1. Can you tell me the dipole magnitude for the stretch 3-70 around its Cα centre, using point charges on the Cβ only (Lys, Arg +1; Asp, Glu -1), in Debye to the nearest 20?
2. Just to be sure I understand, if you calculate semi-axes √(5λ) of the Cα gyration tensor in Å for this structure, which of (i) 62, 14, 10; (ii) 24, 16, 11; (iii) 22, 16, 11 do you get?
3. Please order Leu90, Leu48 by the number of other Cβ within 10 Å, starting at the fewest.
4. Going by amide H atoms built from the backbone, whose H comes under 5 Å of the H on Val31, apart from near neighbours?
5. Quick one: which residues, 5+ away or cross-chain, put their amide H under 5 Å from the amide H of Arg2? H built at 1.01 Å from N.
6. Whole-Hz Karplus ³J(HN,Hα) for the stretch 17-23, in order, using 6.51 cos²θ - 1.76 cosθ + 1.60 and θ = phi - 60°, x for Gly and Pro?
7. Using each residue's phi in the stretch 37-48, evaluate 6.51 cos²θ - 1.76 cosθ + 1.60 at θ = phi - 60° and report the 3J(HN,Hα) Karplus result to the nearest Hz, with x for Gly and Pro.
8. For each of Met64, Met1, count neighbouring Cβ atoms within 10 Å of the residue's Cβ, then give the residues from fewest to most.
Amino acid sequence: MRQHVLVAYDIADDKRLRRVMRTCLDYGDRVQFSVYAVQVSDKDLAILKERLHRQIAPTQDRVMFVRLGPVAQEGEPPHRIDTIGLPIELTDRKRLLF
């Protein structure tokens, strides 16, 4: 089952920051400067965490994962993310091929 996850990071080095940013973009949409909304399976989340773990300096950087719940199945009401100000346009990741 796919789930909505927010990925947020604080990276101390610009080179590592760019690598982490590109990796997060492989999995989801940027919703703030260092915050991404991703839709992943448990397996994909584990792979994402491993990729990011190899890219950061654990004594200087932080990556946080916030699980928001399952992605809506066909016929279910969509998961809502409320915003104030500009709306968030999320990509339908189940239609993308990697």
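1. For this selection, approximately 140 debye.
2. Label of the calculated value: (ii).
3. Leu90, Leu48
4. Tyr36, Ala37
5. Distant-sequence amide H within range of Arg2: Val71.
6. Karplus-based 3J(HN,Hα) across the stretch 17-23 equals 4, 5, 5, 4, 4, 4, 5 Hz.
7. Those phi angles translate into 9, 10, 10, 9, 7, 4, 5, 5, 5, 5, 5, 4 Hz.
8. Least to most surrounded, the residues fall as Met1, Met64.
Values in this text are rule-based calculations from the coordinates and carry no lab data. Keep in mind the model is a prediction, meaning the values are calculated, not measured. Quick reminder, even Gly has a Cβ in these numbers, built from the backbone with ideal geometry, and neighbours come from all protein chains shown.
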